[in-house]
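Everything below concerns the one structure shown next.
The values are calculated or read from the model by the stated rules, or taken from the named source; none is laboratory data. Please read these numbers as outputs of a predicted model, since none were measured by experiment. So basically every Cβ, Gly included, is an ideal-geometry build from the backbone, and we count neighbours across all protein chains shown. To get the accessible areas, we keep the full protein, side chains included, count just its heavy atoms, and leave off ligands, DNA and RNA. Shrake-Rupley method; radii C 1.70, N 1.55, O 1.52, S 1.80 Å.
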Amino acid sequence: MDLANVRFDASGLVPVIVQDARTGQVLTLAYANLEALKQTLQTRQSTFFSRSRGELWVKGLTSGHTQEVLEVTLDCDQDAVLYKVIPHGPACHTGAESCFHQPLSGSNEPSLGEALEKVYQTIEQRIATLPEGSYVAKMHQAGLDRILKKIGEEAGEVIIAAKNQSREELVWEASDLLFHLLFLLAEQGVSPTDLAHTLWGRHKP
């Protein structure tokens, strides 16, 4: 992005939308001046200009909830900027993942990325605590080979569902496969963020 093309307002600011690169979820809206944009591009950490304090601020500098910037994009009118980030902690000062968590209308359905993150976190928690009656706890105790076998079984079910051309069956079986893949990743210490880095690195706009 050529910073010379950014159309700042009369105060020298431009609105910045921050989006989770993994899930597509909008995390917050802030403002940046030229210096904040330069620092963001140099450090790859979300940097803004605080209108209330009149100074630069780096997201997470005090809270630890940083945002790793993968891409900075200028909109078609050149008067708004998008940061695509990997968040390390909640974006909102309230502790919510996104500042936009008070729906005024609609169903507020989660994106696939949000759902996968939530499921992964639940799997991690159950592996750590092994609650009685938990499917995750049972599979974890059965060992890696049992999980790998289950992934093979679920992959076969996905193939059969696709061959049957049953949309409902395919959605159900694909969800099972994703769940068990997340289970394997958690067992191996691989996070959705690790996958996001790799997939984003392969992305060719």
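List, please: which pairs have Cβ atoms under 8 Å, are six or more places apart or on different chains, and start with a residue in region 180-205 that is outside any helix (DSSP H, G or I) and end with one that is open to solvent by less than 30 Å² (accessible area, probe 1.4 Å)? Qualifying pairs under 8 Å: 191/120; 191/185. Here residue 120 passes the criteria (1) buried (at least 17 other Cβ atoms within 10 Å of the Cβ); (2) under 22 Å from residue 33 (Cα atoms) except the one numbered (2). Name the single residue, out of those in region 176-199 being open to solvent by less than 60 Å² (accessible area, probe 1.4 Å) and aliphatic (A, V, I, L, M), that is farthest from residue 123 (Cα to Cα). Only one residue fits best here, namely 196. Would you call residue 150 modelled with pLDDT of 95 or more, more than 30 Å from residue 69 (Cβ to Cβ) and in contact with a Phe, Trp or Tyr (Cβ under 9 Å, 6 or more places away or on another chain)? So residue 150 passes the test.
For every residue, the table says whether it meets (1) aromatic (Phe, Trp, Tyr); (2) touching a helix residue (DSSP H, G or I) at 6+ places or on another chain (Cβ under 6 Å); (3) within 30 Å of residue 201 (Cβ to Cβ).
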{"site": "46", "(1), (2), (3)": "no, no, yes"}
{"site": "59", "(1), (2), (3)": "no, no, yes"}
{"site": "78", "(1), (2), (3)": "no, yes, yes"}
{"site": "82", "(1), (2), (3)": "no, no, yes"}
{"site": "87", "(1), (2), (3)": "no, no, yes"}
{"site": "93", "(1), (2), (3)": "no, no, no"}
{"site": "112", "(1), (2), (3)": "no, no, yes"}
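The single condition from (1) exposed (fewer than 13 other Cβ atoms within 10 Å of the Cβ); (2) in a loop (DSSP other than H, G, I, E, B); (3) on the phi < 0 side of the Ramachandran plot; (4) among the small types (Gly, Ala, Ser) that residue 133 fails is (3).
For region 143-170, filtering for residues that are of a type in the set (Gly, Ala, Ser) and open to solvent by 60 Å² or more (accessible area, probe 1.4 Å) leaves 0.
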